[in-house]
Amino acid sequence: METRMKLLPKEQEVVRELEANGTILDNFIKLDMSGIFMVTMADDQDDLHKKLSALPYYPYMQLNIVPIRVVNNINQ
């Protein structure tokens, strides 16, 4: 818990950077506060891991990646 609190300011800063550059599109905190769900944009899983590895919490994360199809509604 102490380590997490020390890392929190930098974690929040990096999350804002990833949101600004379009990597993190949205995030949702679980009701029990035990984790979050993030909607992200990346070329593939390796690209996503590379981008998320900038997060101080990354070494402690248990990731479950579910690829989804992006639909371009502009042309439909």
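Bear in mind that the values in this text are calculations on the coordinates, not laboratory data. Quantities reported herein were computed from a predicted structural model and do not represent experimental measurements. Here Cβ is always computed from backbone atoms with ideal geometry, including for glycine, and neighbour counts include all displayed protein chains.
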Inset, instruction - Could you run the Karplus curve 6.51 cos²θ - 1.76 cosθ + 1.60 with θ = phi - 60° over segment 4-10 and give me ³J(HN,Hα) per residue in whole Hz, x for Gly and Pro? - result: 4, 5, 5, 7, 4, x, 5
Legend entry - Gain upon complete extension [A54, D26; 0.36 nm per residue less C-alpha separation]: 8.4 nm
Legend entry - Net charge, A42 excluded, C-beta distance under 13 Å - Lys, Arg +1, Asp, Glu -1: -2
Inset, instruction - Taking amide H positions as placed in the peptide plane 1.01 Å from N, state which residues far from N27 in sequence (5 or more) or on other chains have amide H under 5 Å from it. - result: V39
Legend entry - log10 of Debye I(q)/I(0), alpha-carbon scatterers only, for segment 1-63 at 0.24 Å⁻¹: -1.19
Legend entry - Spin-label model distance (nm) - Q62 vs M5, 7 Å beyond Cα toward Cβ: 2.4 nm
Inset, instruction - Work out the charge dipole of the chain with +1 on the Cβ of Lys and Arg and -1 on the Cβ of Asp and Glu about the Cα centre, then indicate which of M38, T3, S53 is farthest towards its positive end. - result: T3
